[in-house]
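Q: Sharing a structure here in C-alpha cells format.
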Amino acid sequence: MAPVTGTDSDRCTPQGVSYSTVPHIVNSDGQYLYCRTWEPTQKLRALPFLSHGRGSHCGVLGPILAQLLNNHGFLVFGHDHVGHGQSEGERLCVENFDILARDILQHVDVMRARYPDVPIFLLGHSMGGCAATIAACKRPGQFAGMVLTSPAIENAYTRSYFLVCSYISVVFSLHFFFFFTFFRRMLATQRLIPELDCPFLVHVLHGEDDEIADVSGSWKLHHQARSQDKEIKIYPNCRHVLLLEIPEDSEMVKQDILDWFLTRLNPEMKST
C-alpha cells in the first residue's frame, strides 16, 4: 500500500475526497499528494516510480505499466504531481521542476525504507521525464536505471513560442507567466543533462508527429549524458503518448520497456 502520512481529516482532494481515506504523502510545502501503488503478482524484484506528464495523473499510464510489469515482480508506484489529479496545488501550474523532483525523492525515500534491498527505477513521461531527470541528477547512483518516454526537454513549439502562448492566454484566459516559466524549466533541465550518470532508455516519437515534445531533446539527452549504458529508439509515425498509440505500436513500446527492465535486472533473462 502507498504511504499514508498526515492525519488531517478535514483536508480533501480537489474532487472532494477526504485524504484520510486515500493513500497520500505530505510534501515539504505541506501539500497533500495522492499516491498509487500497483502490487506485483510475483516475488518483488524492482520498484519503478512513475512520473506522469503535465495535465495528466498517475492513474493514466500506471495501470498500463502495472499490467506489463506486475507479473515480473515489479511494484509500480507513483503520485499525482502538485497541481494534478487528486493532489493539492494550483491546477497545472508547474513553476519549478525542482519541486516535482523533490517530491519524487521524498516518495522514493519512503519506499526505499520499506524495501531497502530492492532496486528502484525511474519511469518518466513528458514533463515527468524532466522531473525524473532532475531527481536522478540530485541522487547520482541511487537509481538502478531510468526509462523516459517523450521527455519534454525540447518543445515542438519553441520557434513560435511567444505567438502560441499569447494566443492561448487570450483565448483561454491562462497565464502567460506559466508558459514562460515552464519553458524556462525545460531549458534548465537541458543544462543538467551532462551530469546524468544513470543507465536509461529513452523512447521518443517521430518528430513529425509529436507536437508537444520535440525528438531533438531526446537526442540531446542521448548524446550528452555521461551514462555508459544508454539507448535511444525512435518510433516512426507515433505521437506523444507512446503507451496510448495504436495497438501495433503500443505493444512494441511495451515490449521494449519490459526487455530493457528485465535485462538490467538480470542480463541472462529475456522476456517471454
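Q: If Ser28 satisfies every condition in (1) touching a residue at least 60 places away in the same chain (Cβ under 8 Å); (2) of a type in the set (Ser, Thr, Tyr); (3) under 20 Å from Ser126 (Cβ atoms) but one, which is the exception?
A: (3)
Q: To continue, here is another question. Considering only residues of region 225-263 that are over 16 Å from Ile212 (Cβ atoms) and of a type in the set (Asp, Glu), which is surrounded by the fewest Cβ atoms within 10 Å (Cβ to Cβ)?
A: So the residue we want is Glu248.
Q: Only one of Gly89, Gly128 is buried (at least 23 other Cβ atoms within 10 Å of the Cβ) and either within 22 Å of Lys43 (Cβ to Cβ) or not aliphatic (A, V, I, L, M) (or both); which?
A: Working: Gly89 fails: buried (at least 23 other Cβ atoms within 10 Å of the Cβ).
Of Gly89, Gly128, the one residue that is buried (at least 23 other Cβ atoms within 10 Å of the Cβ) and either within 22 Å of Lys43 (Cβ to Cβ) or not aliphatic (A, V, I, L, M) (or both) is Gly128.
Q: Taking the condition of being in a helix (DSSP H, G or I) and either charged (D, E, K, R) or over 23 Å from Tyr32 (Cα atoms) (or both), how many residues in region 99-127 meet it? Give the derivation first.
A: Taking region 99-127 and keeping what is in a helix (DSSP H, G or I), we get 99-114, 127.
Checking which are either charged (D, E, K, R) or over 23 Å from Tyr32 (Cα atoms) (or both) leaves us with 102-103, 109, 112, 114.
Qualifying residue count for the region: 5.
Q: Among the listed residues Phe97, Phe77, which satisfies the condition of being buried (at least 22 other Cβ atoms within 10 Å of the Cβ) and modelled with pLDDT under 95? So that I can check it myself, show each step before the final result.
A: Numbers: Phe77 fails: modelled with pLDDT under 95.
Just a single option satisfies the conditions, and that option is Phe97.
Q: Collect the residues in region 14-28 that are surrounded by 12 or more Cβ atoms within 10 Å (Cβ to Cβ) and part of a loop (DSSP other than H, G, I, E, B), keeping them in residue-number order. It would help to see each step written out before you state the result.
A: To start, the set of residues in region 14-28 that are surrounded by 12 or more Cβ atoms within 10 Å (Cβ to Cβ) comprises 14, 17-20, 22-27.
Passing the criteria: Pro14, Val17, Val22, Pro23, Asn27.
Q: In addition: When region 38-86 is examined, which residues are found to be more than 20 Å from Arg112 (Cβ to Cβ) and of a type in the set (Ser, Thr, Tyr)?
A: Selection gives Thr41, Ser56.
Q: A follow-up question, please. Considering each residue of region 42-76, count those that are over 22 Å from Asp109 (Cβ atoms), in a helix (DSSP H, G or I) and touching a His at 6+ places or on another chain (Cβ under 9 Å), and give that number.
A: So the count comes out to 3.
Q: Give all pairs with beta carbons closer than 6 Å in which a residue from region 200-218 that is under 18 Å from Gly124 (Cβ atoms) and hydrophobic (A, V, I, L, M, F, W, C) meets a residue that is at pLDDT below 50 and not in a loop (DSSP other than H, G, I, E, B); count only pairs at least 6 apart in sequence or on separate chains.
A: Matching pairs, first to second residue: Val215/Val204.
Q: With respect to the numbered conditions (1) surrounded by fewer than 23 Cβ atoms within 10 Å (Cβ to Cβ); (2) more than 16 Å from His81 (Cα to Cα), which one is the sole condition not fulfilled by Phe121?
A: Among (1) surrounded by fewer than 23 Cβ atoms within 10 Å (Cβ to Cβ); (2) more than 16 Å from His81 (Cα to Cα), Phe121 violates only (1).
The values are calculated or read from the model by the stated rules, or taken from the named source; none is laboratory data. All figures in this text were calculated on a predicted structure; none of them were measured in a lab. Cβ: placed from backbone, ideal geometry, glycine included. Neighbour counts: every protein chain shown.
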